[in-house]
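The next block holds one structure in the form of structure tokens; read it before the comments.
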Amino acid sequence: MALARFGLGVMLSAGFASCANVVAHAAAGAWVGDNRVAVRLITATDHLAAGSTLEAGLEFRFARGWHGYWRTPGDAGIAPMVDWSGSENISRDEIAWPAPSRLVIEDLQNSVYADHVVLPVTLFLKQAGAPVRIKASLAYAACSDICVPYQADLTLSVAPGAGGTSAEAALIDAARKTVPGTPAAAGIEIVATRVEPSASEPILVVDLRSSDRPFVRPDLFVEGVGNGLPAAPEVALGAGGKTARLTVRLSSLPPADRPLTLTLTDDGRAAEFTAKAR
Amino acid sequence: MLSRFVMSLGFIAGLSPLAAQAAERPVVVELFTSQGCSSCPPADAYLRELSTQRADVLPLAFHVTYWDGLGWKDPYSMQAATQRQDLYGRRFGDGSYTPEIVVDGAAGMVGSRRSDVGAAIERAKRASRTAAAISVTKNGGQVAIQVGSGTGTGRILLIGFDREHTTAIGRGENSGRTLTEANIVRSIRAVGQWSGAALRLNEQFPEGQDVAVVLEAPDGQIVGAARLGTGGST
């Protein structure tokens, strides 16, 4: 019953979206989705200001109990994949990824977004000052007790004109603040990282020091080891929470020629850094 | 003496042909799943239970391709599984998702909801849509398929499957976390069209350790099924 409604919802919103496409000259495209998940394109300005880039975002809303995926989804799921090639006057894109949260289901490690997330995107224009038509062909997933693959074509036209921030600019700004930056910016010092390359069970050890507030419940997302996602670290806090030793069991020995990408999340702050694998 | 016995059996069967057939053909339970789906392990476990505990059910696990990620692929995923689910999704109007269980080609439901699936299996047994008896036997490197006479038309599908595989759960390797899955479909192929008259086919043994044959009516509902060695009805 719910599924039948879902089918109808998709058709309705798809129909609505295609009507909206014709007239969408604003800082937000139409929502495309259903009662589980919906997504739309937003831009930080109503019109194209001077400059060769356009700040945009992919805004997702998930119904209660549903989640979507980070760039490295983990043991299951798929990351959102966007094809911008149907756009006009866009040469390339840079997507930023807000820090994910960890969801463990039946031993499967998932790095996910729930409720609401904006993926900030910088779009690079071929020709500054010329009109832009954004077309994002998006493939993504949403899961609860089922996992559903979605495909959405999102479009939004932005004409040159007086700049000024849009109503949606605040959403993009807020999302940028949740994108992991440097450890220093998060008030964290990376004291040491090392991989103990035991063949049976290699481990990654990361020593951290917090310069301002104590660590609360640090988690570490390790990218670059196999295709899955290592489980959450064992955490040993010291010095009143100002130091932390994170120990992660790696599922396999990381490749020697590429550093691991580590994303640290803790109590609203996040940082990204790398560690030499060997 | 023996022939009289057979005749009287036929007579009894003639009195309630539906009941006789219903008892003898397994209800086909198709699970659409993937190792790259976090919601799927409970449904995988359920299908495995059906495969070991229910002789009246033919469970088949189709591993779809759409959760194959960058640099990772469910080793049992195949395009034919994705396509088969896509056809069901169009017919039922609910799209594709995992885990989905389709019972006798008649209804799709969330694959981990045991009570829904159990009820659908009972409904299928009562409805007993059986157009023809089917048997399949192994004959060297070939399988011999017999479809009896009956009313209606249908596609004859030859399905090869592996009885059980244990693999690392999800995409993690060497993590020590494993998942055992049953009746994993490795191949599916339409081998003939049935139009009411009895027919025999000889086919190459398909990819997979075991074999099932399914008769699919034009509306997609399953109206005949047999598994290697289990024979057919009547």
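Tabulated results
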item	result
Filter pass, A:E106 being at pLDDT below 95 and of a type in the set (D, E, K, R)	yes
Residue list for segment A:80-113, restricted to those being among the small types (G, A, S) and surrounded by 19 or more Cβ atoms within 10 Å (Cβ to Cβ)	A:S87, A:A99, A:S111
Unmet criterion (only one of (1) in contact with a strand residue (DSSP E or B) (Cβ under 9 Å, 6 or more places away or on another chain); (2) part of a helix (DSSP H, G or I); (3) free of Cβ contacts under 8 Å to residues at least 60 places away in the same chain) for A:I172	(3)
Residue that is farthest from the other protein chains (Cβ to nearest Cβ) [pool: residues in segment B:90-107 that are surrounded by 20 or more Cβ atoms within 10 Å (Cβ to Cβ) and outside any loop (DSSP other than H, G, I, E, B)]	B:V103
Candidate set from segment A:226-245 (those that are within 15 Å of A:T72 (Cβ to Cβ) and in contact (Cβ under 8 Å) with a residue 12 or more places away in the chain); member that is nearest to the other protein chains (Cβ to nearest Cβ)	A:G228
Count of segment A:24-77 residues which are part of a loop (DSSP other than H, G, I, E, B) and within 16 Å of A:K135 (Cα to Cα)	7
Members of segment A:249-266 found to be farther than 12 Å from A:P197 by Cβ and within 12 Å of chain B (Cβ to nearest Cβ), listed by number	A:R249, A:S251
Residues satisfying the stated conditions in segment B:38-53, i.e. surrounded by fewer than 20 Cβ atoms within 10 Å (Cβ to Cβ) and more than 17 Å from B:D210 (Cα to Cα)	B:P42, B:A45, B:E49, B:Q53
Given (1) in contact with a Lys or Arg (Cβ under 8 Å, 6 or more places away or on another chain); (2) without any contact (Cβ under 8 Å) to a residue 24 or more places away in the chain, number of the condition A:A184 does not satisfy	(1)
Pair list, Cβ under 8 Å, 6 or more apart: segment B:122-139 residue free of Cβ contacts under 8 Å to residues at least 60 places away in the same chain and surrounded by fewer than 17 Cβ atoms within 10 Å (Cβ to Cβ), other residue hydrophobic (A, V, I, L, M, F, W, C) and part of a strand (DSSP E or B)	B:R123/B:V103
Residue selected from segment A:175-194 under the condition outside any strand (DSSP E or B) and out of contact with any Pro (no Cβ under 6 Å at 6 or more places or on another chain), by the criterion farthest from A:R278 (Cα to Cα)	A:K177
Cross-chain or 6+ apart pairs with Cβ under 6 Å, segment B:48-72 first and within 14 Å of chain A (Cβ to nearest Cβ), then surrounded by fewer than 16 Cβ atoms within 10 Å (Cβ to Cβ) and not basic (K, R)	B:T65/B:Q79
Test: residue in segment A:259-274 that is part of a strand (DSSP E or B), under 14 Å from A:L208 (Cα atoms), out of contact with any strand residue (DSSP E or B) (no Cβ under 7 Å at 6 or more places or on another chain) and free of Cβ contacts under 8 Å to residues at least 24 places away in the same chain	no
From B:A23, B:A80, residue being at pLDDT 90 or above and of a type in the set (A, V, I, L, M)	B:A80
Matching residues, segment A:104-127, being under 15 Å from the mean Cα position of the chain (by Cα) and either among the hydrophobic types (A, V, I, L, M, F, W, C) or not in a loop (DSSP other than H, G, I, E, B) (or both)	A:N110, A:S111, A:V112, A:Y113, A:A114, A:H116, A:V117, A:V118, A:L119, A:P120, A:V121, A:T122
Flag if B:A81 is within 23 Å of B:R163 (Cβ to Cβ), within 14 Å of chain A (Cβ to nearest Cβ) and not polar (S, T, N, Q)	yes
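For (1) in contact (Cβ under 8 Å) with a residue 60 or more places away in the chain; (2) touching a helix residue (DSSP H, G or I) at 6+ places or on another chain (Cβ under 9 Å), each residue gets a yes or a no:
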| residue | (1), (2) |
| --- | --- |
| A:D34 | no, yes |
| A:A38 | no, yes |
| A:I42 | yes, yes |
| A:E59 | yes, yes |
| A:W66 | yes, no |
| A:T72 | yes, no |
| A:P98 | yes, yes |
| A:V104 | yes, no |
| A:L125 | yes, no |
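The values are calculated or read from the model by the stated rules, or taken from the named source; none is laboratory data. A quick note: this is a predicted structure, and the numbers were derived from the prediction, not measured. FYI the Cβ positions are ideal-geometry reconstructions off the backbone, even for glycines, and counts take in every protein chain you see.
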